[in-house]
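Here is the structure we will look at, set down as structure tokens.
Just so it is clear, none of the values below were taken in a lab; they were calculated from the coordinates. Source: prediction; values computed, not measured. As a convention, Cβ positions derive from the backbone with ideal geometry for all residues, glycine included, and neighbour counts pool all protein chains shown.
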Amino acid sequence: MNNQEAQFVLSAYRPGGQDALDPAFAEALEQARRDPLLERWFNDSIAFDRAVTEKLCAVEVPAGLRESVLAGSKVSRPSRWTKPFVRWAIAAAFVLAAITGSLILREAAKPHLAAWQTNALSQVSALVEGHAKFDAQSRNASELVAWLRENRASAVQNLPPSLERLESLGCKTFFWEGQPVSVICFQRGEGGLIHLVATNAFAPFNRMGKSERKFVQQGNWATVTWRDGASVYMLALEGSRDQLQSYLL
Amino acid sequence: MSAIDFQQLVDRQYAPLFRFGLTLAKSEADAADLTQQTFFLWAAKGHQLRDDSKAKSWLFTTLYREFLSKRRHEVRFPHVELDDASDDDVAVSPNMNALDSTAVVEALRELEEPFRAVLTLFYLEQFSYQEIAEMLEIPIGTVMSRLSRGKAHLRQRLMTKQESDARKIVSISPEKGRQTHE
């Protein structure tokens, strides 16, 4: 590194010394310690930077700006009830509550299965509402499946053929009763989203028959849960049972 | 975010945001507008931010984007070939004690916009080169290059201002003297 290169790097060194431990500056700093000319340039540069910072921070802010910001934000903040996103979230919360109630009633004999479904729907809802983020994002679902396998998070063995044709958005993993669960979100061709939740077929699913498909339709939401070998899947979408059925063919 | 949290955020950040806006925008009024608009956006979208520690960089990034967006509406953004800008070695060193804050803001405003944004974030809020790269969505090498060359340009502008001020003093004093005698 010559002095010109060192000057280039040291130009990004903050005058407060916050970057003293940043390895990107180590070589240039060492060179400045060895070379008196470079050291002089560096000291001058730091002094100049400090002076500019002081001058800038001394710029006066117009009187009343703070009050204006606070008052303006208050009146400009959209009403919680009129924001489309919040309206949707509230509607979704009602639907989820209804689904939860329905699941509990219908699956009273199998509380664990209902609890798993409820939990899975909550995770899906959190993703859709933006309260949770994807762990990985790709438009290619096979890449997401590969990512899930690499991270030992997936029980996805085979995607339903109808989903393979869809563009994916991303995936998320979580745990339920110590078991890894994964969600992959897809964009439906006709608009909207469809979500595939997968987990290992552990205790709550022991009674499920191999060809058994459990549909739950509540409000705008339709879900179907089934077992395939060592895995259990649930599909969820905003739509009808028929629409959901079309993804199982 | 509660009203109290929002007020605390405003108290902490409105002044530095205004100063950042002032170096970007044409006037104090535009800078105040940018500051206000940034907080409006925070009020509407800030809740989507998962990590509270990112609030500060979110505000600065948003103000910068608002500035760019506003400017695009005013005039088509000219493409600045920074590689063609002169790359003079720093041989000049202005006497900073002789310059006030206004002169520094004016000198920054005279720089090409890409230099201006990087330098202001560096000086005003002491953002690191990595943070600036992330906020402005440009490579780290570009940030370093703009800092290095932007500082050289800033020094030159400040020197010019200093010399100009000195000339004014020399030319005005005799006039004043003559007026006194008349």
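5 Å is the cut-off here: which amide hydrogens, built 1.01 Å from N in the peptide plane, fall below it relative to residue A:19, excluding neighbours closer than 5 in sequence?
Here the answer is A:14, since their amide H atoms fall under 5 Å of that of residue A:19.
Distance cut-off 25 Å, Cα to Cα: go down the list A:172/B:70; A:133/B:56; B:26/B:161; A:133/A:214; B:26/B:54; A:133/A:210 and report the pairs above it.
Correct reply: A:172/B:70; A:133/A:214; B:26/B:54; A:133/A:210.
Using only C-alpha positions, report the orientation-averaged shadow area of the convex hull of the range A:141-249, nm², one decimal.
Averaging across all directions leaves 6.6 nm² for the Cα convex hull.
Would you please name the trypsin sites (Lys or Arg not before Pro) within the range A:189-249 that are DSSP coil residues with at most 13 other C-beta atoms within 10 Å of their C-beta?
Taking the range A:189-249 and a limit of 13 other Cβ atoms within 10 Å, the loop trypsin sites (Lys or Arg not before Pro) found are A:207, A:210.
Take the Cα pairs of the range A:165-224, get the Kirkwood Rh, then feed it into Stokes-Einstein at 4 °C and 1.567 mPa s and tell me D in µm²/s.
So the translational diffusion coefficient is about 96 µm²/s.
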